[in-house]
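One structure below.
Where a number appears in this text, it was derived from the coordinates with a stated rule and is not lab data. Keep in mind the model is a prediction, meaning the values are calculated, not measured. Here the Cβ positions follow ideal geometry from the backbone for every residue, glycine too, while neighbour counts run over all protein chains shown.
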Amino acid sequence: MNAMHLLSGGLGTPGQQTQYSSYYRAIAETAHAEQQSGAFTRHRLRDHVGEGTIETAELSSGLRITRYDVAYASDHTVAYDFDGDRFELEMCLEGGMRITEERAGHGDLGAYATSITPFCPTKGMLVQEAGQRYRAVSVTSNRAGLEAHLGGLGVDGFVALLAELESGVGTDLYLGRGTELRGLARVMGEIFDINPDSQARTLLMEAKVMTALAIVADAASQRIPEHGLDAYEVAALRRVPAILWRERFDLPQMSDVARHLSMSAKRLSAGFKKLYGVTPIEYHRNFCIERAADLLVRSDWTVERIGFEVGYSSASNFVYAFRQRTGRTPAEYRRSLG
């Protein structure tokens, strides 16, 4: 039976540090680098666990960089339960992993996909499949650690922008579908390659981290709409896509959604169109097809399975809807990008 590891608590707290130390001892042999700012500690996987390394570095500002280059001998499962003072930006450079989160549902972090953990409690499980190479970079911090990297924007401004970035699909970016963060792959790849063996190289790494954060903030700022709605209405309307995705196998009536959000159905319909430019159902159907297109490229799932995953009980209905929106059948789409 494969072991399940648990990580929980607040970032940088003694309890969490103890958990991480125990976790690394269980799966790897650790070589501590020289004590210098930004130097990586290398955790080499034990033979029975797999092969490859996990490298961690604590920058002087309080940010943690983790670089993964691993392939596990059996499915590797980590359960987590983190508090709300945690931000994580992770990009997969090769391979992938499955994520299940208590609030957000299921997702896959595949090659060049981005996962953003906003400042809110997160609880779930991730699984990396046996034999699959996983190469990725993670930048983790709490509010205090981010302060030095955000300049005039500040932590509060950055947190507000994260809300904008996630507004379209609730916590979807957390599940690894941050495809609009263009330019981020190059920067995260550079962070993966830098060896901070001197103060100058450590400074270069910190500069790259600032660039990555700026890309996230810029992508978020581009999503701020001109809507003329009050803050309460905007906050409520931004929950609609996540509700529809969560209930995609049995879509609720919009009147029921409106009641759940303490709004009238008419106000929900009008406000949503102001905010997103389409009706809630149109937005949901478009998102489902986008998600299906992503799965067609990044998985070997059958068309029927992908259709079910995005909420279609009938393969023929899924094929029809996909062709209506893309001009191609799912099979044609997969072949064109294969």
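Relative to the longest principal axis of the Cα atoms of the chain, the long axis of helix 154-166 lies at roughly 50 degrees.
Straight Cα distances below 27 angstrom link residue 266 to the lysines 274, with same-chain residues fewer than 8 positions distant left out.
Distance from the C-alpha centroid of segment 60-97 to that of segment 311-325: 35 Å, rounded to the whole angstrom.
Dividing the summed helix terms, -39500 (n - 2.57) for each DSSP H run of n ≥ 4, by the number of residues in the chain produces a 222 nm estimate of -13000 deg cm²/dmol to the nearest 500.
Each residue of segment 268-273 is assigned a 3J(HN,Hα), and the resulting list reads 4, 4, 5, x, 4, 5 Hz, derived from the Karplus form 6.51 cos²θ - 1.76 cosθ + 1.60 (θ = phi - 60°), x at Gly and Pro.
Put a plus charge on the Cβ of each Lys and Arg, a minus charge on the Cβ of each Asp and Glu, and nothing anywhere else: the dipole of segment 231-337 about its Cα centre is then about 300 debye. When the Cα positions of 216, 199, 240 are compared along the charge dipole of segment 194-302, 240 comes out farthest toward the positive end, with charges on each C-beta of Lys, Arg, Asp and Glu.
Recomputing Rg and Dmax of the Cα atoms in Å from the coordinates shown identifies the correct label among (i) 21.0, 63; (ii) 21.4, 69; (iii) 25.7, 103 as (i).
Straight-distance candidates among the aspartates and glutamates for linking to residue 273, with alpha-carbon spacing under 16 Å and chain neighbours fewer than 8 residues away dropped: 226, 230, 233, 282.
Could you give the longest part of the chain that holds none of the GluC sites (Glu not before Pro) found in DSSP loops with at most 14 neighbouring Cβ atoms within 10 Å? For GluC sites (Glu not before Pro) (loop position, at most 14 other Cβ atoms within 10 Å), the longest site-free span of the chain is 248-338. When DSSP beta bridges are restricted to pairs lying wholly in the chain, around 90% turn out antiparallel. Each of 301, 245 was scored by other Cβ atoms within 10 Å of its Cβ. Listed from fewest to most, they are 301, 245. Relative to the longest principal axis of the Cα atoms of the chain, helix 14-27 runs at roughly 80 degrees. With respect to the chain, whose longest principal axis is taken over its alpha-carbon atoms, helix 184-193 is tilted by about 20°. Shown in residue order for segment 290-297 are the 3J(HN,Hα) couplings computed by the Karplus curve 6.51 cos²θ - 1.76 cosθ + 1.60 at θ = phi - 60°: 4, 5, 5, 4, 5, 5, 4, 7 Hz (x for Gly and Pro).
Remark: the chain carries a charge dipole of roughly 940 debye about the Cα centre, counting +1 on each Lys and Arg Cβ and -1 on each Asp and Glu Cβ. Stretching residue 262 away from residue 153 to a fully extended chain increases their span by 35.9 nm, per 0.36 nm per residue minus the current alpha-carbon distance. Along each principal axis, taking the top coordinate minus the bottom one, the Cα set of segment 182-338 gives 60, 45, 23 Å in descending order.
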